[in-house]
1. Can you pull out the helices (runs of 4 or more DSSP H) entirely within segment 258-367 that have at least 3 residues that are open to solvent by less than 10 Å² (accessible area, probe 1.4 Å)?
2. Looking at segment 156-163, is at least one residue of a type outside the set (A, V, I, L, M, F, W, C) and touching a residue at least 60 places away in the same chain (Cβ under 8 Å)?
3. Pull out all pairs, ordered by first then second residue, where Cβ-Cβ is under 6 Å, the residues are six or more apart or on different chains, the first lies in segment 124-136 and is in contact (Cβ under 8 Å) with a residue 60 or more places away in the chain and under 24 Å from Asp170 (Cβ atoms), and the second is open to solvent by 10 Å² or more (accessible area, probe 1.4 Å) and among the charged types (D, E, K, R).
4. When you look at Asp363, is it in contact with a helix residue (DSSP H, G or I) (Cβ under 9 Å, 6 or more places away or on another chain), among the acidic types (Asp, Glu) and within 21 Å of Lys222 (Cα to Cα), yes or no?
5. If you scan segment 82-136, which residues turn out to be surrounded by fewer than 20 Cβ atoms within 10 Å (Cβ to Cβ), at pLDDT below 90 and assigned to a strand (DSSP E or B)?
6. Any chance segment 371-388 includes a residue that's small (Gly, Ala, Ser) and modelled with pLDDT of 95 or more?
7. For segment 241-257, which positions are surrounded by fewer than 19 Cβ atoms within 10 Å (Cβ to Cβ) and at pLDDT below 80?
8. Test Val173 against the criterion of being farther than 24 Å from Ser289 by Cα, β-branched (Val, Ile, Thr) and open to solvent by less than 30 Å² (accessible area, probe 1.4 Å), and give yes or no.
Amino acid sequence: MGYYDDHHQVNRSNRRKQGWFLPSLIGAVIGALIIILALPALQAADLLPFYSDQQEAGNEITQGNGDTETQGGTTANMNVDVSTQITKVVGEVTPAVVGVVNIQSSTNFWQQEQSGQAGTGSGVIYKTENDRAFVVTNHHVIEGADELEVVLSDETHVSAQLLGSDVFTDLAVLEMDAAQVDKVIEVGNSENVKVGEPAIAIGNPLGLMFSGSVTQGIISGKQRAIPQDFDGDGRADWQAEVIQTDAAINPGNSGGALINMSGQLIGINSMKIAQSSVEGIGFAIPIDSATPIIEQLEQEGTVTRPYLGVEAYSLEEVAQVEWQRKLNLPKDVEGGIYLRSIEPMSPADQAGLQELDVITELDGEPIQDVIGLRKHLYQEKQVGDEMAITYYRDGERRETTVSLSSQEY
């Protein structure tokens with residue numbers, strides 16, 4: 001009896017649900033039919049502006065260059081400006097960036113001399129004078145060349161002559177006929193470059209096949225000192241002053257231009273550390289320090305420098321805990337350079353300087369780092385000059401005078 005009562009209740013509930021659903025369905029269908037029938041009248045009365053706009057005459061899209069395109073019944077005006085500051089700058093500067101071809105002679109088994117392309121790099125036309133054009137590139141690009149060719153941006157090959165090169169700054173100057181030269185780069189200022197500002201590198205990575213390649217990045221650092229060992233003895237012969245950038249500088253980019261957003265030359269692209277752990281670090285020679293070298297190479301063919309004869313590093317490269325522990329420096333010393341080694345019979349050796357001495361002043365002027373040493377030595381001193389040096393040894397302040405000799409490469 002109870003089972004029957006439960007079953008009867010369920011059936012009664014189902015009948016109520018069915019009675020509610022059917023009228024609702026019929027109402028929805030009727031409403032949809034009303035909307036469909038009324039839609040044309042609403043459109044004619046312009047009560048559907050969005051729908052009307054989509055259907056307006058003409059399915060043309062007018063672009064900023066004056067062209068029109070058809071697209072799905074929609075009319076729109078589009079002004080697209082594809083020119084940017086970068087494209088404008090690159091367009092103006094690229095003709096002044098050239099390829100440099102290093103041609104070397106060789107002798108085969110039959111003692112017949114043959115000439116072949118030993119390598120390619122990049123260069124920058126920085127000057128024209130008396131129907132001659134002058135190109136700056138890297139020393140390692142032209143090293144060992146028997147002949148040199150400059151390849152212009154329109155792929156014209158022009159024979160060039162080497163005026164001079166300098167292994168220390170990795171710079172070389174070429175001269176060629178200016179008849180087909182259309183553009184000379186504007187030389188800027190690297191002293192005012194700020195870390196974080198945009199930079200553009202232009203050159204020929206991986207050879208002339210990719211001539212005029214452009215990479216963009218930022219200035220990652222300035223006044224970096226990079227040790228260089230020229231004779232392979234494991235000791236640094238020089239510390240190159242460079243601008244650090246993350247703009248890609250690959251083989252073949254060497255000698256190309258590093259420019260700012262005004263299209264001015266701020267550096268000559270040079271070496272790239274090719275280790276995976278430091279991928280993305282490129283270097284350029286600052287144009288401010290390159291300019292006097294370029295002028296001397298152009299006029300004299302060589303660079304003669306005052307010579308001290310030390311392997312020196314900035315004190316800031318040493319952990320401050322070592323300033324007192326290893327160098328025994330007083331706490332009031334805030335900067336300087338320490339001497340890692342002294343070349344035998346050099347001016348520094350004859351003046352009594354020793355390994356681990358810390359130089360803090362030159363001619364009474366404070367010296368904070370290696371860059372300061374080089375600027376004082378090469379910009380304010382001449383071969384044969386005497387230079388007063390203030391230094392610390394085992395915590396004791398000392399002074400000496402050195403007679404500078406010459407160093408020519």
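The values are calculated or read from the model by the stated rules, or taken from the named source; none is laboratory data. If you're wondering where the values come from, they're calculated on a predicted model, not measured in any experiment. Heads up, the Cβs are rebuilt from the backbone with ideal geometry, glycines too, and the neighbour counts pull from every protein chain shown. Surface areas here come from the heavy atoms of the whole protein model, side chains and all, with no ligands, DNA or RNA. Shrake-Rupley method; radii C 1.70, N 1.55, O 1.52, S 1.80 Å.
1. The helices (runs of 4 or more DSSP H) meeting that bar are 287-300.
2. No, the conditions are met nowhere in segment 156-163.
3. So the pair list comes out as Phe134/Lys127; Phe134/Glu175.
4. no
5. Gln104, Ser105, Ser106, Thr107, Glu113, Gln114, Ser115, Gly116, Gln117, Ala118, Gly119, listed by residue number.
6. The answer is yes; a qualifying residue exists.
7. Residues satisfying the conditions are Asn250, Pro251.
8. no
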